[in-house]
2 protein chains.
Amino acid sequence: MRLSRYFLPVLKETPAEAQIVSHRLMLRAGMIKQSASGIYSWLPLGFKVLRKIENIVHEEQIRAGHIPFQMPTLQSADLWRESGRYDDYGEEMLRMKDRHGRDLLFTPTAEELVTDIFRSHVSSYKDLPLTLYQIQWKFRDEIRPRFGVMRGREFYMKDGYNFDLTKEDALHAYNRHLVSYLRTYERMGLQAIPMRADSGPIGGDDTHEFLVLAETGESEVFYDSVITDLKFGDRDIDYDSHEQCQAVMEEFTGRYARTDETHDEAAFEAQVPQERRRTARGIEVGQIFYFGTKYSEPMGATVQGHDGKPVPVHMGSHGIGVSRLLGAIIEASHDDKGIIWPEGVTPFHCGIVNLKQGDEEADAACDALYQSLRALGLEPLYDDRKERAGGKFATMDLIGLPWRITVGPRGLKNGVVELTCRQTGESEELPPEQAVAKVAQIYAEM
Amino acid sequence: MRLSRYFLPVLKETPAEAQIVSHRLMLRAGMIKQSASGIYSWLPLGFKVLRKIENIVHEEQIRAGHIPFQMPTLQSADLWRESGRYDDYGEEMLRMKDRHGRDLLFTPTAEELVTDIFRSHVSSYKDLPLTLYQIQWKFRDEIRPRFGVMRGREFYMKDGYNFDLTKEDALHAYNRHLVSYLRTYERMGLQAIPMRADSGPIGGDDTHEFLVLAETGESEVFYDSVITDLKFGDRDIDYDSHEQCQAVMEEFTGRYARTDETHDEAAFEAQVPQERRRTARGIEVGQIFYFGTKYSEPMGATVQGHDGKPVPVHMGSHGIGVSRLLGAIIEASHDDKGIIWPEGVTPFHCGIVNLKQGDEEADAACDALYQSLRALGLEPLYDDRKERAGGKFATMDLIGLPWRITVGPRGLKNGVVELTCRQTGESEELPPEQAVAKVAQIYAEM
């Protein structure tokens, strides 16, 4: 993309309403614009990152054998009356009436609707196991929306639902989700720690939240410091193997790690040596639940078991806060100048800064770089505006592309351009084709 | 995908509520499930086609230089009061109050919101031209939803908005959209004819609807038969060229073609020789509008012109009914046995039917075909269930994959499998590797 043809409305001033760094940077980098309290438009740069995150979530869910589908944003109130949650859910649920006076609601979560789909179409244990998931806009009418997309009202979420014949199978689905989530977050450059949590209005006994450590997190967390040394890495997991998934689950949840909701100081002191006890703040970016037959029993979601008798299915649900992840990633990865995108989610792979737009040689060198990067399947953002170099650098630093190639007449005389790493700030001078090759190699190795 | 691990709830019986063939076939093929009047869940097969269509729309919009972003599904009523449309829009607009009693609405279209984004961030003619688009869920509270996704209440739509300094530039944007839409529909295997139409609540003078001819279309259409001979094909258009876009516009709209809203019988008879006059029914799958300063003037969306004085921008909006397209494609492409997907949008590239599941040789041959197709970047659907051959064929015909490879012990003895075209019903016997090569070549040539 050439910046002269893009829509990147960066702000020079820090918006007064933004209390945390990710909110400030998303506004300043022209990624979002609030249209109503807690409701945002995703401007092109923000939308691009949102799609990258969405694609990683899709790829990892499909890898785990989960099946994508899509439920509507609006639901009839009837199913929620059947489960008993319509009255329980309270003011966070946005309710409305259609022109015929029928009660609708904007989906905050979809256990009822997916259970209805299941009971309408599945009748035999032979069709199990089954895990369906979607990525869809949800709404929760937060009383005080704040922190930008971190606690908005309209948000983009992955929600998945497993249906299994037995508790054991459902717990395997739970473990499988845990594994797929570890992979998902690591691909985004995040360390998200599974912590024992409270199930809230979803219900059930077994639940873990995934938390990214950050000073601005809404939850206080307590954990054994050895946990932060764990890496999932590029292990080759067979998602059908109960043993392999169970082993990962035990490795990543075997140490003390809890949110304030479930924290037990006595257990913390008994299980963790003092020098490894950590208290910090965390941002919740996902949660997995096993809740057995909580929805299948009242809603009659049964299958014929091996003996021919009807059995209510064992279920769980599993969420990733897709839009919230942008905020979490920025909270975890920024500096005074702006955002520092991890390579896995960066909106553009590489920036190109032309120090002397209009100079024939500099323009030609930039065009050639731009074409070379594109020919290798990379997406560069070329700042081809007639602006001062300082302004161009400030914009590139603000929007946080991991790599920048700077092109100027002086370097070109020596046959070199400058390749700069956003994370370290380090630069090196290279012939243009070597700069391209280096950037391509970095992304190929991911 | 192996069918034993997929969720494809095909129905044996024709659902009584479905009045038109696309609705019947989408229900029978397990693509959608109604969750409330005019509100559908997209089951895995339906969602897969929806994503394919969405991707084609994205690719063609980006090719035309339009910039993707995303607006929320809910908007504050305030902007609609500013434009004067809040009261005008009537009962089709779904309105609600949040917990603080503030008026919200579910977006039926977004001229106001995008104009607000524009006026907040763009102030100079140097930032023009600009075209932003999104693909997002919309809601219109149809009084009598019917025909499945063809006239649902919650629907998926691409809506784009151009901002230009002059009327001439805005008309070029109009033409550019027309060209990109012609390409878009042809890639989906559809002939969509631009017809002069009525602008309705969007406003403006210039508007064309794109109609797919089908007996079940909601609009009566009148056209010169030579129009149906026009093909856009794989022309290499420079979307920046006013002349090239204008020429395509003239070629495709120069003949009489109107919907009942704008039909003029006298003009029809004067302009079209009797033997070329056609009356038919059409399904609307898109619409483009030029409406000048209808929104920019009342909302103060101005830029500094070349002379430094503020000028209200010239705008248009441009929509494609993404979810409705599934219905339109099926209306245009089906037979008694089921759907016939055009190759551009098929959910899976090729079906594999194992005539004797459990037979060692047949299973191995199917596995090898499955792996070979996947290795070539194709997505096969392998029916690996223990079902009778007749049932497997009926399912494949119903869900409409364009190509099917049938594998049985008898053929394997002679070293062949059967490759069948869904469209023509023709089959040929080939060695498995040649069948794979032929399917791969068909998709490579698209």
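Points to keep in mind about this one:
- Within the shell of other residues whose beta carbon sits under 12 angstrom from the beta carbon of A:Leu430, the net charge comes to -3, with Lys and Arg scored +1 and Asp and Glu -1.
- Across the range B:206-315, the mean sequence separation of Cα contacts (distance under 8 Å, 6 or more residues apart), normalised by length, yields a relative contact order of 41 percent.
- Å² of accessible area per residue within the range B:350-444, as computed with a 1.4 Å probe and no ligands counted: 47
- Shielded by partner chains, the range B:102-124 residues - at least 50 Å² of accessible area, 1.4 Å probe, vs chain alone: B:Ile117, B:His121
- Between B:Thr424, B:Thr406, B:Thr216, the residue with the greatest mean-square fluctuation in the GNM of chain B (Cα pairs under 10 Å linked by springs) is B:Thr424.
- Counting only Cβ charges, +1 for Lys and Arg and -1 for Asp and Glu, the dipole size of the range B:3-339 around its Cα centre is about 1560 debye.
- Residue-count net charge about A:Glu111 - beta-carbon cut-off 12 Å; Lys, Arg +1, Asp, Glu -1: -2
- For the pair A:Ser120 and A:Ala368, the difference between a 0.36 nm per residue extended length and the Cα-Cα distance amounts to 83.5 nm.
- Taken per residue, the accessible surface of the range A:1-105 reaches 37 Å², heavy atoms only and a 1.4 Å probe.
- Area hidden from solvent between A and B (accessible, protein heavy atoms only, 1.4 Å, total, Å²): 5000
- Cβ-defined net charge surrounding A:Leu230, 12 Å radius [Lys, Arg +1; Asp, Glu -1]: -2
- If R0 is 41 Å, the Cβ-Cβ spacing of B:Glu168 and A:Glu379 corresponds to a FRET efficiency of close to 0.80.
- Projecting label points 7 angstrom from Cα along Cα→Cβ for A:Gln423 and A:Asp198 puts them 3.7 nm apart.
- Between copies, B:Gly377 shows label-point distances of 0.9 nm, shortest first, with the point placed 7 angstrom from Cα along Cα to C-beta.
- Selection from A:Gly358, A:His334, A:Leu376 lying farthest towards where the dipole of the range A:275-430 points positive, charges on Cβ: A:His334
- The range A:350-444 - percent of accessible surface contributed by carbon and sulfur, probe 1.4 Å: 47
- Full-stretch length increase - B:Asp335, B:Glu250 - with 0.36 nm per residue and alpha-carbon distance subtracted: 27.1 nm
- A simple spin-label model places the labels of A:Glu13 and B:Gln434 7.5 nm from each other, with each point 7 Å out along Cα-to-Cβ.
- Checked against a 20 Å cut-off, the cross-linked pairs A:Lys294/B:Lys12; A:Lys167/A:Lys309; A:Lys138/A:Lys167; B:Lys52/B:Lys158; B:Lys33/B:Lys158 give Cα-Cα distances beyond that limit for A:Lys294/B:Lys12; A:Lys138/A:Lys167; B:Lys33/B:Lys158.
- Stretching the chain fully between A:Glu215 and A:Gln274 yields a gain of 19.1 nm (0.36 nm per residue, less the alpha carbon separation).
- Each other copy places its own label point for B:Arg5 at 4.2 nm from this one, sorted shortest first, where the point lies 7 Å along the Cα-to-beta carbon line.
- Rounded is the label for the range B:350-444. Its Cα gyration tensor axes, ordered a ≥ b ≥ c, give a/c under 1.5.
- Atom-type composition of the exposed protein surface of the range B:243-326 places 43 percent of the accessible area on carbon and sulfur (1.4 angstrom probe).
- The coefficient of translational diffusion for the range B:3-339, derived via Stokes-Einstein from the alpha carbon Kirkwood radius under 20 °C and 1.002 mPa s, stands at 101 µm²/s.
- Per residue value of the accessible surface for the range B:205-311 (all protein chains in place, 1.4 Å probe), Å²: 50
- Taking the axis that rotates chain B onto chain A, the chain B residue nearest to it by Cβ, with the distance rounded to whole Å, is B:Met96, 2.
- Computed from backbone phi with θ = phi - 60° and the Karplus coefficients 6.51, -1.76 and 1.60, the 3J(HN,Hα) list for the range B:78-92 is 4, 5, 6, 6, 5, 7, x, 8, 4, 7, 5, 5, x, 6, 6 Hz; x is used for glycine and proline.
- Occluded residues from the range B:58-82, i.e. those whose accessible area drops by 40 Å² or more once the chain is not alone (1.4 Å probe): B:Ile67, B:Phe69, B:Gln70, B:Pro72, B:Thr73, B:Leu74
- Shortest-first distances to equivalent copies, position A:Gly390, nm, label 7 Å out along Cβ: 8.3
- Cα-projected label distance for B:Glu91 with B:Ala266, points at 7 Å along beta-carbon direction, nm: 3.7
- Highest mobility in the GNM of chain B, judged by mean-square fluctuation with C-alpha springs under 10 Å and restricted to B:His208, B:His242, B:His66, is found for B:His242.
- In summary, the aspartates and glutamates within cross-link reach of B:Lys126, defined as a Cα separation below 19 angstrom excluding same-chain residues under 8 places away, comprise A:Asp383, A:Asp384, A:Glu387, B:Asp116, B:Asp164, B:Glu168, B:Asp169, B:Asp240, B:Asp307.
- Apportionment of accessible area to carbon and sulfur, the range B:41-80, percent (1.4 Å): 50
- Structure-based [θ]222 nm, chain A - -39500 (n - 2.57) summed over DSSP H runs of at least 4, per residue, nearest 500: -10000 deg cm²/dmol
- Nearest-10 value in Å² for the accessible area of A:Glu243, using the 1.4 Å probe: 140
- B:Arg2-B:Ile62 FRET efficiency (beta carbon distance; Förster radius 35 Å; 0.05 resolution): 0.55
- Selection from B:Tyr156, B:Leu3, B:Gly46 lying farthest towards where the dipole of chain B points positive, charges on Cβ: B:Leu3
- Between the range A:61-106 and the range A:390-446, the C-alpha centres lie 48 angstrom from each other.
The values are calculated or read from the model by the stated rules, or taken from the named source; none is laboratory data. As the structure is a computational prediction, the values presented were derived from the model and not from experiment. A quick note on method: Cβ atoms are made from the backbone with ideal geometry, for glycine too, and the neighbour counts reach across all protein chains shown. Surface accessibility is based on the protein's heavy atoms, side chains included, excluding ligands, DNA and RNA. Shrake-Rupley method; radii C 1.70, N 1.55, O 1.52, S 1.80 Å.
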